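The values are calculated or read from the model by the stated rules, or taken from the named source; none is laboratory data. Just so you know, these numbers come straight off a predicted model, no measurement behind them. So basically every Cβ, Gly included, is an ideal-geometry build from the backbone, and we count neighbours across all protein chains shown. When the accessible area is computed, the model is the full protein with side chains, heavy atoms only, and any ligands, DNA or RNA have been set aside. Shrake-Rupley method; radii C 1.70, N 1.55, O 1.52, S 1.80 Å.
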Amino acid sequence: MKRTMVMSDIHGELDKMEQLLTKANYRADRDQLILLGDYVDRGPNAKGVIAKVKELTKEGAIALRGNHEDMMIKALTIANEFWMGRWMRNHAPTTLRPYGFELPLTEEEALQQVIRPVSGSNEPPRIIPNKEAPGIKLELPDQLVEDIRFLEQLPLYYETEEYIFIHAGVSPTKSLVEMDEQEMIWIREEFHHGYAGEKIVVFGHTSTNYLHEDGSTDVYFGKNKIIGIDGGCVYGGKLHCLELPSRQVYTIE
């Protein structure tokens, strides 16, 4: 039987990704690899991970988009202070460094621009994002432009007769077609505690130490048919590869 191999939240850790594929004895001609997103940010070689994901998809792997790719795309295409500031707060400089590119915004400026107070109102001050700020012209390296275009076209989920593969999770109250993009790449507790669907959902996004009562970074097999595989690798945890249907787990620490 053809194996399905699932990985998530690689976050620039190319060496660990390649070690894990070797450890799992992954072979493109016999296995179906599914990658659940978050290839960029925090780790040292996001550019290399994207290149590897491109290579793997050409060989038949299915790669999904995560919330960190979403922030990267918006920061570099909408290119206003809100999205650049938001991505800056999620380690954008680490991702951009291998491309030899920097955002025209300091971290201090990003923190100032990502939120702004509402004035001229009798209501207590509240904070809203300046999403409608005019764009800033960015002269991006060709390779960075190519990689953005690749990430833009990645799907948000992959569904089989038995499984749903998705970056963050599934709404307990909506079908997949009713969910919006932001829910698919950002949802957390509502999904973790409320999902009661028939299909098994395999997801990343939330490090499993938040799902296990004992704080373990092992793969999380929930009683409500959810399987969390983000072991928090980039935070000193584990990078997992889940084999299905056997549920064998391969791990690199």
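Here are the numbers for this structure:
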| quantity | calculated |
| --- | --- |
| DSSP-defined beta bridges in the chain - what % are antiparallel, rounded to 5 | 50 percent |
| Point-to-point label distance, W186-E152, nm (Cα→Cβ direction, 7 Å offset) | 2.1 nm |
| Debye, to nearest 20: dipole size of the chain, +1 on Lys, Arg Cβ, -1 on Asp, Glu Cβ | 300 debye |
| Solvent-accessible area of K52 with every protein chain in place, 1.4 Å probe, in Å² to the nearest 10 | 40 Å² |
| Built amide H within the under 5 Å cut-off of I164, gap 5+ | I200, V201, V202 |
| Between the stretch 166-195 and the stretch 51-110, the Cα center-to-center distance that results, in Å | 23 Å |
| Calculated log₁₀ intensity ratio I(q)/I(0) where the Debye formula runs over C-alpha points of the chain, q = 0.16 Å⁻¹ | -1.19 |
